[in-house]
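Asker: To start, I am sharing the structure in question, which I have written as structure tokens.
The values are calculated or read from the model by the stated rules, or taken from the named source; none is laboratory data. Nothing here was measured: the structure is a model prediction, and the numbers come from that model. No Cβ is skipped: glycine too gets one built from the backbone with ideal geometry, and neighbour counts run over all protein chains shown.
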Amino acid sequence: MTGIIKAYDSAAKSGWIEAETGESVFFEAASVVAYDQPALSAHRVVSFELRPGRRPIASNISLSYQHAQRTPQASRGGEVVFRYVGFHQDKALRVFRFEKICPGEETRTHNVSTDMTLFAKYRLAIQDAPSLCSQLLLKPAEADHSEHSLTEADLIAHAAARVVPVKRQVQRRKVAPSSLPAWNTITK
């Protein structure tokens, strides 16, 4: 659901959103994704989910970057930017979420799923997963879809392309000959 922040009190860290349905929805800054909190202000367009209850409360709030609002990333020469938003995991399947920001277009969400057991199988660092996903998203064939999959073939190619560090030979220090006589050669 989308809406516009009608009022925001930075001291109280809360405010009101007017939803696209015309309904006023309360929110707290803790419900805003971390990277958007510094940019919170009235009259900003946001996307959010409604938490059910007696009084609706907005949760999972993120700023919506539409063509009227230019972001610092998108203003660099009209390039497409994929912003990593986070992930959720169900058993061994992890789904990474990205936002595609293009100047003059509405922000779109892309999901990339992968089997995390493959990272252990090919001894890949889990920290490499977001960059592997963004490389997949930058391929022209993947541009029009919103659901993607990081396959075993992609992980094998990454494992084969990584640089394996060369093992260094540990050189032992040579002990200088002692100027003292050996214990068994001491005589009185």
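Asker: Of all residues in the range 26-41 being modelled with pLDDT of 85 or more and farther than 20 Å from PHE87 by Cα, which is surrounded by the most Cβ atoms within 10 Å (Cβ to Cβ)?
Answerer: The residue in question is PHE27.
Per-residue answers, yes or no, for (1) modelled with pLDDT under 85; (2) part of a helix (DSSP H, G or I); (3) not assigned by TED's automatic domain parsing to the domain that holds PHE26:
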{"residue": "SER59", "(1), (2), (3)": "no, no, no"}
{"residue": "VAL95", "(1), (2), (3)": "no, no, yes"}
{"residue": "PHE98", "(1), (2), (3)": "no, no, yes"}
{"residue": "LEU118", "(1), (2), (3)": "no, yes, yes"}
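Asker: Residue by residue through the range 14-25, note down the ones that are surrounded by 15 or more Cβ atoms within 10 Å (Cβ to Cβ) and either outside any strand (DSSP E or B) or free of Cβ contacts under 8 Å to residues at least 40 places away in the same chain (or both).
Answerer: So in the range 14-25, the residues surrounded by 15 or more Cβ atoms within 10 Å (Cβ to Cβ) come out as 14-17, 19, 25.
Passing the criteria: SER14, GLY15, TRP16, ALA19, VAL25.
Asker: Quick one: which residue in LEU132, LEU150 is within 16 Å of the chain's Cα centre (by Cα), surrounded by 13 or more Cβ atoms within 10 Å (Cβ to Cβ) and within 14 Å of PHE82 (Cα to Cα)?
Answerer: Values: LEU150 fails: within 14 Å of PHE82 (Cα to Cα).
None of the others qualify; the one that does is LEU132.
Asker: Could you go through the range 105-113 and let me know if any residue there is more than 25 Å from VAL46 (Cα to Cα), under 18 Å from the mean Cα position of the chain (by Cα) and touching a residue at least 24 places away in the same chain (Cβ under 8 Å). Break it down stepwise before answering.
Answerer: Kept after step one, since they are more than 25 Å from VAL46 (Cα to Cα), are these residues of the range 105-113: 113.
Restricting the remaining residues to those that are under 18 Å from the mean Cα position of the chain (by Cα) gives 113.
From what's left, touching a residue at least 24 places away in the same chain (Cβ under 8 Å): 113.
Yes, the range 105-113 contains at least one residue that is more than 25 Å from VAL46 (Cα to Cα), under 18 Å from the mean Cα position of the chain (by Cα) and touching a residue at least 24 places away in the same chain (Cβ under 8 Å).
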